[in-house]
Each structure stands twice: as C-alpha cells, then as structure tokens.
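Inspection log for the structure reproduced underneath, given as structure tokens.
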Amino acid sequence: FSPNHPLEPPCTTLRTPIYHPSVDLEGRVCQPLTSHEHWEPTTRAIQVLQDLLLQLDSPDPQRMLRPDVARELQERPEEFRRRAEEHTRLHAEPRPDP
C-alpha cells in the first residue's frame, strides 16, 4: 500500500514465481481492480485480496501479462495445468505444519 492509500491503489507483487497468464516474470499481477483507471478509494483491502485469490484460482486469459501462457491456457489447458503444477513443485515454499 502506498503512503497515499486509499487515494492510490495498492500494488500487488508475488514473491514466489508462479506460472500464470496474469503474473509476469517479476511477480507483478494484472489486476484491473487496482489499476488507476478502476481504483475507487472506498475499495477495501479484503476486496483486493479476494479479487486476487479469485484471479489466481481461475485464470482469465483476457487479464494477461504473459500472452504465451494465456494462449496455452486457451488452446491446451491440460498442458497449462501440467506446467503450472510442475512450476509449483519447483518454486513453492513448503507449508508449515499446523
């Protein structure tokens, strides 16, 4: 969140690499809700997080930063899922035990 929040939208960047059409190689996320043209100062942080989780869980090829991955998702969804799972195995941090 910027020091000017809520007048400016937050910037979402993922630290862990992810194979996703809406996340670039630097971890920046294409999230229209937080773009300057769509941002509303009344938007709550929980709404930003819910939108992000929905987007990560249900990739939308129209919200893309990686056209090659979006094309793969549209044309070869099984291959996309296989690559995403492999990418997760390589880069995800283990979850702590409860």
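The values are calculated or read from the model by the stated rules, or taken from the named source; none is laboratory data. These figures come from a predicted structure and were not determined experimentally. Virtual Cβ from ideal backbone geometry, glycine too; neighbours counted across all protein chains shown. Ligands, DNA and RNA are excluded from the accessible area calculation, which covers all protein heavy atoms including side chains. Shrake-Rupley method; radii C 1.70, N 1.55, O 1.52, S 1.80 Å.
Could you run the Karplus curve 6.51 cos²θ - 1.76 cosθ + 1.60 with θ = phi - 60° over segment 69-79 and give me ³J(HN,Hα) per residue in whole Hz, x for Gly and Pro?
Karplus values, whole Hz, x for Gly and Pro: 6, 5, 5, 4, 4, 6, 8, 9, x, 5, 5.
Which value in deg cm²/dmol, rounded to the nearest 500, describes the helix-derived mean residue ellipticity at 222 nm for the chain, given -39,500 (n - 2.57) per DSSP H run of n ≥ 4 and division by the residue count?
After summing the helix terms and dividing by residue count, I get -12000 deg cm²/dmol.
When all protein chains stay in place, what accessible area (Å², nearest 10, 1.4 Å probe) is found for Ser58?
Around 60 Å² of this residue is reachable by solvent.
In percent, how large is the relative contact order of segment 18-98, given Cα pairs closer than 8 Å and 6 or more residues apart?
After rounding, I find 41 percent.
Please report how far the C-alpha centroid of segment 22-44 lies from that of segment 53-92, rounded to the nearest whole angstrom.
18
Just to confirm a number: summing +1 for Lys and Arg and -1 for Asp and Glu over residues other than Pro9 whose beta-carbon lies under 14 angstrom from that of Pro9, what do you get?
-2
I want the local charge near Arg66. Using Cβ-Cβ distances under 10 Å, sum +1 for each Lys or Arg and -1 for each Asp or Glu among the other residues.
The answer is -2.
Per residue, what accessible area does segment 1-93 have, given a 1.4 Å probe and all protein chains present, in Å²?
Per residue, segment 1-93 has an accessible area of 70 Å².
With a sphere of radius 13 Å drawn around the Cβ of Val48, what net charge do the other residues whose Cβ falls strictly inside it have (Lys, Arg +1; Asp, Glu -1)?
After counting each charged neighbour, the total is -2.
If you roll a 1.4 angstrom probe over the protein chains with everything in place, what fraction of the accessible area of the chain belongs to carbon and sulfur, to the nearest %?
Of the solvent-accessible surface of the chain, carbon and sulfur hold 53 percent.
How far apart, in nanometres, would the label points at His36 and Gln74 be if each is projected 7 angstrom from Cα along the Cα-to-Cβ direction?
2.8
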